[in-house]
Structures are given as structure tokens and as C-alpha cells.
Amino acid sequence: MSAKAIAVRCLILGIFAWPAPQPVSAQQSQSQAQIGYKSAADADAKKTLLLKEFDPASMLHAPAHNVDRAKFYVIDVHNHQNDAMRIDDHMPPERVVEIMNKTNVRTVVILTGMWREKLQAVIDEMVRPYPGRFIVFSQIDFSKIDDPNFSQEMVAQLDDAVRRGARGLKQLKDLGLTVRDKSGKLVTIDDPRLDPIWEECGRLRIPVSIHSSDPEAFFHPVDKNNERYEELTEHPDWSFYGPQFPTKEALLAARDRMFAKHPHTTFVALHMANWPENLEYVSHLLDTLPNVMVEFGAREAELGRQPRRAREFFIKYQDRIMFGTDNGMDEAMYRNHFRWLETGDEYFDYWGYPGQGRWKIYGMQLPDSVLEKIYHKNAERIFGQFRGEAQAQAK
Ligand SMILES: [Zn+2]
């Protein structure tokens with residue numbers, strides 16, 4: 001440090017002896033003495049603000065480019081609005097369509113349509129009155145797992161669902177994690193009893209959208225080192241840590257074996273194959289299995305915090321990624337996703353912040369040709385493979 005720098009530093013520190021010191025109040029001299037470089041001795045004791053009350057305002061002067069309407073029309077392949085399971089609060093269908101119209105969302109896929117009369121109710125409320133705006137998927141009825149003809153019953157139920165208008169099959173995360181048969185054993189994702197169902201989806205050329213495992217943090221202890229501590233405290237039943245649960249790796253391995261066993265069926269590995277924290281793994285999955293697609297429902301936070309790696313991934317796998325949200329319908333929700341995909345904005349809240357973790361996201365500024373595929377072209381290709389009701393009847 002130069003002599004000048006030392007002098008400046010001493011001035012700042014207020015330790016220079018002034019030629020004719022003015023009388024100062026006790027308060028003034030104390031505040032001057034406080035400007036130092038050592039941490040306060042009582043700092044640890046004072047850092048007791050509750051985590052739930054910590055809400056820092058960013059001082060970053062970063063431009064915000066809000067995107068009211070997606071640049072190209074959108075097919076949201078992961079939604080539960082007005083489904084058969086009532087996962088989200090019911091919303092008047094006209095309001096749902098209004099949100100879609102305002103944000104350039106042409107079609108919404110309602111994944112949890114169940115089967116038979118419950119499925120029919122979703123078709124009657126959402127699909128029939130709004131042609132081209134909604135697609136509904138059916139599901140497997142695991143309460144019948146111990147029926148001797150379980151596989152055939154479910155194939156018949158699926159054919160019935162497709163005749164009614166379903167255009168895909170959705171599998172929740174319970175398979176492999178909580179569904180048990182009468183032996184008490186967990187039904188694994190690659191259980192052979194399910195093979196005829198996956199095969200039937202291939203025959204009908206309808207996609208299977210499957211949720212297996214969950215964020216990596218859900219398989220770790222819920223303690224101060226868990227990056228999703230607050231989320232797991234809100235939802236203790238989302239923690240799958242402990243010997244009573246299969247590991248994340250075991251769940252994904254069973255799922256991927258099942259994908260490989262049914263090469264003529266198109267699978268959508270929901271939530272970015274449920275390992276966006278590990279895009280190396282997702283890349284390997286897509287490289288190995290051409291019948292697998294991914295979408296990013298409820299994983300904007302994970303992908304948005306690694307914008308350079310994610311952008312590279314989105315460009316490389318531009319034909320394999322579809323737009324999905326897995327959020328309740330809201331104009332602001334869609335706009336937040338468009339901002340993430342279309343702009344280069346820095347350090348902003350993902351949708352639902354800080355629900356998944358205390359980090360911010362960065363826009364990917366994807367090229368138009370990639371945006372178009374992700375917004376709708378890839379989904380149109382998948383749904384365009386459908387062979388028609390005739391195929392379901394011809395059995
Ligand atoms: Zn979902």
C-alpha cells in the first residue's frame with residue numbers, strides 16, 4: 001500500500017489526529033470509532049432473524065423485459081387445471097381460456113384425467129366445449145393391482161379412455177414409491193404386470209407421461225444443509241429420505257429399464273426426467289433412448305439457476321424438450337416462464353420463489369427456431385402420432 005493510500009485509509013478510519021480538535025459530542029465520536037474492519041463481537045448472537053422473515057430486496061439494477069405473450073403459440077404439456085383428481089382448485093373454464101388467450105397458450109394438457117366417468121366429466125367440461133384447447137390423459141387404477149386380470153383390465157380401461165377422447169396416459173410418482181400389492185412389496189416401475197399397458201400405448205400411439213422420483217434434495221436429511229429445507233418443512237410428506245424408501249437412483253434405473261423395454265412407446269419423462277440437477281444424466285438418457293421426451297414442469301428453478309449449461313442443453317436437445325408448467329393457471333405464471341425462455345434477464349424470481357429454494361434464475365434467450373419447437377412443434381409431433389379411435393376399437 002502506498003503512503004497516500006495509507007493516509008486515505010487513516011482518514012476514513014478517523015484515527016488521524018486533527019491539528020485543532022473541535023469539541024465533539026460523545027455520540028459523534030462513538031459513531032466515528034464504529035467504522036472499522038473487524039466483525040462485531042456480538043454478530044453471531046445477533047444473527048437471529050428468522051429464515052421465514054428474511055426477504056432481502058435486490059439492489060441490482062438489472063433490466064426487466066416482461067413478455068406478456070409467448071413469441072410463438074404454446075402447448076402446455078403438464079397441467080392439472082380442472083382435472084379429475086382436483087389437484088388444483090377448480091376454476092371456471094371461461095377464465096382458464098381467458099388466461100390462455102391473453103398469454104398465447106393455445107392448448108393445455110390436463111394430465112390427471114383418471115378413467116371412466118371421472119374422465120368423462122373432464123372431457124365434458126373442458127375438452128368438448130373448447131375444441132383444440134384442451135387434451136386430457138387417463139391413468140391406471142392401482143386399486144385393482146391384485147385382480148388376477150389386472151393387466152387386461154387396465155388395457156380395456158385405457159381403450160375405453162381413448163374412445164372417450166383421452167390422448168395419453170399419465171403415471172404419478174406413487175408407482176415405485178408407495179404403490180404396493182397384497183404381498184406388501186412395492187410395485188416397481190418396471191413391473192411386468194404393467195408391460196401390456198405400456199405396449200398398448202405404443203399400439204395406439206399415445207404418449208405416456210411419467211413422474212418418477214423427485215428433486216435430489218428430497219432424498220437427503222431435512223436439516224440445515226438441505227437446499228430445499230423450507231419446502232420440505234412445508235411438505236414433510238415429500239421427504240423420501242430413509243430406509244423405508246427406494247433410492248432416487250433405484251427409481252430412475254427402474255424407469256429407464258422400462259423405457260428401454262418398450263421402444264415403440266413414446267414416454268415423456270416429466271420434470272426434466274426428474275434430474276435437472278444432473279443434466280449429464282438427462283443427456284445420457286436422451287442419447288440412449290430415442291423414444292423418450294422431456295418437459296420442464298415445476299423445474300424452472302432448477303434449470304434457471306444454471307443458465308449457461310441449460311441453454312447448451314436446450315439447444316442440443318431442441319427436438320426432445322416440451323413446454324410444461326405443472327402450476328395453477330395464472331397469466332403471471334406463464335409470463336414468468338416466457339421471460340426465462342425468451343430474454344437474457346438476470347437474477348429474477350422463478351415462479352413460486354422461494355418455495356423450492358433461496359436462489360434466483362437467469363433467462364436463456366433461446367433462438368426463435370428452438371423456441372418454436374419447445375413451445376409447440378415437438379408436442380404437435382408427439383400428439384400427431386395418434387392412430388385414431390379405430391385402432392382402439394379394432395381389438
Ligand atoms: Zn404434475
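The values are calculated or read from the model by the stated rules, or taken from the named source; none is laboratory data. Values in this document were obtained by computation on a predicted structure and should not be read as measured data. For neighbour counting, all protein chains shown are included, and Cβ atoms are generated from backbone atoms with ideal geometry for every residue, glycine included.
Side notes on the structure shown:
- Test result for Phe313, assigned to a helix (DSSP H, G or I), under 17 Å from the mean Cα position of the chain (by Cα) and crowded, with 22+ Cβ neighbours inside 10 Å: yes
- Checking each residue in the range 99-117 for being buried (at least 16 other Cβ atoms within 10 Å of the Cβ) and more than 24 Å from Ala332 (Cα to Cα) picks out Gly113, Met114, Trp115.
A quick yes/no check of all residues on (1) at pLDDT below 95; (2) within 16 Å of the ligand (Cβ to nearest atom); (3) not in a loop (DSSP other than H, G, I, E, B):
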{"position": "Ile206", "(1), (2), (3)": "no, no, no"}
{"position": "Asp214", "(1), (2), (3)": "no, yes, no"}
{"position": "Val222", "(1), (2), (3)": "no, no, no"}
{"position": "Asn226", "(1), (2), (3)": "no, no, no"}
{"position": "Thr233", "(1), (2), (3)": "no, no, yes"}
{"position": "Phe240", "(1), (2), (3)": "no, no, no"}
{"position": "Pro243", "(1), (2), (3)": "no, no, no"}
{"position": "Glu249", "(1), (2), (3)": "no, no, yes"}
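- When residues of the range 285-309 are limited to those that are under 29 Å from Ile206 (Cβ atoms) and in a helix (DSSP H, G or I), the one nearest to the chain's Cα centre (by Cα): Glu300
- Meets criteria (buried (at least 17 other Cβ atoms within 10 Å of the Cβ), under 30 Å from Leu194 (Cβ atoms) and under 22 Å from the mean Cα position of the chain (by Cα)) for Val67: no
- Residue within the range 136-153 that is within 30 Å of Gly184 (Cβ to Cβ), at pLDDT 95 or above, surrounded by 22 or more Cβ atoms within 10 Å (Cβ to Cβ) and more than 16 Å from the ligand (Cβ to nearest atom) present: no
- Exclusive hit being part of a loop (DSSP other than H, G, I, E, B) and over 25 Å from the mean Cα position of the chain (by Cα), set Gly184, Gly202: Gly184
- Checking each residue in the range 316-327 for being over 22 Å from Asp345 (Cα atoms), buried (at least 17 other Cβ atoms within 10 Å of the Cβ) and away from the ligand (no atom under 16 Å from the Cβ) picks out Tyr317, Arg320.
- Here Lys38, Lys4, Lys52, Lys102 are screened, and the one residue that is of a type in the set (Lys, Arg), more than 16 Å from the ligand (Cβ to nearest atom) and either touching a strand residue (DSSP E or B) at 6+ places or on another chain (Cβ under 6 Å) or modelled with pLDDT of 95 or more (or both) is Lys102.
- Inter-residue pairs, beta-carbon under 9 Å, first within 11 Å of Phe296 (Cβ to Cβ) and assigned to a helix (DSSP H, G or I) and in the range 260-274, second within 16 Å of the ligand (Cβ to nearest atom) and among the aromatic types (Phe, Trp, Tyr), 6+ apart: His271/Phe296; Met272/Phe296
- When the helices (runs of 4 or more DSSP H) confined to the range 329-386 are screened for residues that are in contact with a strand residue (DSSP E or B) (Cβ under 8 Å, 6 or more places away or on another chain), hydrophobic (A, V, I, L, M, F, W, C) and surrounded by fewer than 22 Cβ atoms within 10 Å (Cβ to Cβ), those reaching at least 1 such residues are found at 378-383.
- Residue count, the range 73-98 (criterion: buried (at least 18 other Cβ atoms within 10 Å of the Cβ), away from the ligand (no atom under 16 Å from the Cβ) and more than 20 Å from the chain's Cα centre (by Cα)): 2
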